[in-house]
């Protein structure tokens, strides 16, 4: 692993994203539009919005980053760029870390915009630290990036990457506590929920909104999500093919 090569990959990905206006719009504008639509739906029910918005601040960055990362990586593979990079002195982990860092920086901007929109124009009540809310959203978006990079190692086309979404996203969406509190789930589903990273991301969001203002108060939840990031990047590096079949 080389820090110089990792940063070079990061710069290349950021340069590509800067010139891809549609992808930037998907990354930065779409989450804000969805949250704005939710607030409009509950125009006269601020309490309902305050209940749903924290979970969506965890879910939306995860889903968007998963889609964009997996599709972008598969596009690089189908165009032959990935093979050319791996033919150079670029290790698999260098490549994945470079992508993760690039999309992580974009995720930081995405999360800051979404949180700022919810807290100020949309009036979401936050009793804890707004900065910590941004940190949780960023960590969750990076987790979505790691899932996207991992999935891209198994898919051969962009369409196949999108097909992984029901398997990766939907179970976590249903069991993270958005629709039903996790402690009210059937025992088997509760056990499954306990090993899904989005469950801990939503728990961390709820804790901050409820009053947590120090990283130590959500360190356990963030630790689990970051553990998944490390595991998925390691598995992605181990399974990434140097040549497209």
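The values are calculated or read from the model by the stated rules, or taken from the named source; none is laboratory data. All values reported here derive from a predicted model rather than from experimental measurement. A quick note on method: Cβ atoms are made from the backbone with ideal geometry, for glycine too, and the neighbour counts reach across all protein chains shown.
Could you tell me whether residue 236 is assigned to a loop (DSSP other than H, G, I, E, B) and touching a helix residue (DSSP H, G or I) at 6+ places or on another chain (Cβ under 8 Å)? Considered against the rule, which asks whether it is assigned to a loop (DSSP other than H, G, I, E, B) and touching a helix residue (DSSP H, G or I) at 6+ places or on another chain (Cβ under 8 Å), residue 236 comes out as no. Just to be sure I understand, how many residues within the range 176-219 are touching a residue at least 60 places away in the same chain (Cβ under 8 Å) and within 20 Å of residue 56 (Cβ to Cβ)? Total meeting the criteria: 16. Against the criterion of being assigned to a helix (DSSP H, G or I) and under 17 Å from residue 197 (Cα atoms), residue 94 does not qualify. Would you confirm whether any residue within the range 215-231 is outside any helix (DSSP H, G or I), surrounded by 14 or more Cβ atoms within 10 Å (Cβ to Cβ) and touching a helix residue (DSSP H, G or I) at 6+ places or on another chain (Cβ under 6 Å)? So far as the range 215-231 goes, no, none of its residues is outside any helix (DSSP H, G or I), surrounded by 14 or more Cβ atoms within 10 Å (Cβ to Cβ) and touching a helix residue (DSSP H, G or I) at 6+ places or on another chain (Cβ under 6 Å).
Residue-by-condition table, conditions (1) buried (at least 17 other Cβ atoms within 10 Å of the Cβ); (2) under 14 Å from the mean Cα position of the chain (by Cα):
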{"site": "101", "(1), (2)": "yes, yes"}
{"site": "114", "(1), (2)": "yes, yes"}
{"site": "117", "(1), (2)": "yes, no"}
{"site": "140", "(1), (2)": "yes, yes"}
{"site": "144", "(1), (2)": "yes, yes"}
{"site": "166", "(1), (2)": "no, no"}
{"site": "169", "(1), (2)": "yes, yes"}
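On the stretch given as the range 147-202, residues that are outside any helix (DSSP H, G or I), at pLDDT 90 or above and under 30 Å from residue 75 (Cα atoms) total 2.
All of (1) out of contact with any helix residue (DSSP H, G or I) (no Cβ under 7 Å at 6 or more places or on another chain); (2) within 26 Å of residue 180 (Cβ to Cβ); (3) free of Cβ contacts under 8 Å to residues at least 24 places away in the same chain; (4) assigned to a helix (DSSP H, G or I) hold for residue 18 with one exception: (2). Checking the structure you have, find out if any residue of the range 59-77 is surrounded by fewer than 24 Cβ atoms within 10 Å (Cβ to Cβ), modelled with pLDDT under 90 and assigned to a loop (DSSP other than H, G, I, E, B). Looking for residues that are surrounded by fewer than 24 Cβ atoms within 10 Å (Cβ to Cβ), modelled with pLDDT under 90 and assigned to a loop (DSSP other than H, G, I, E, B), one finds none in the range 59-77, hence no. Take the conditions outside any helix (DSSP H, G or I), more than 21 Å from residue 196 (Cα to Cα) and in contact with a helix residue (DSSP H, G or I) (Cβ under 9 Å, 6 or more places away or on another chain) and apply them to residue 106. Does it pass? Judged against the criteria, residue 106 is not a match. Checked against the criterion of being surrounded by fewer than 21 Cβ atoms within 10 Å (Cβ to Cβ), within 19 Å of residue 14 (Cα to Cα) and modelled with pLDDT of 90 or more, the candidates 52, 105, 85 yield just one match: 105.
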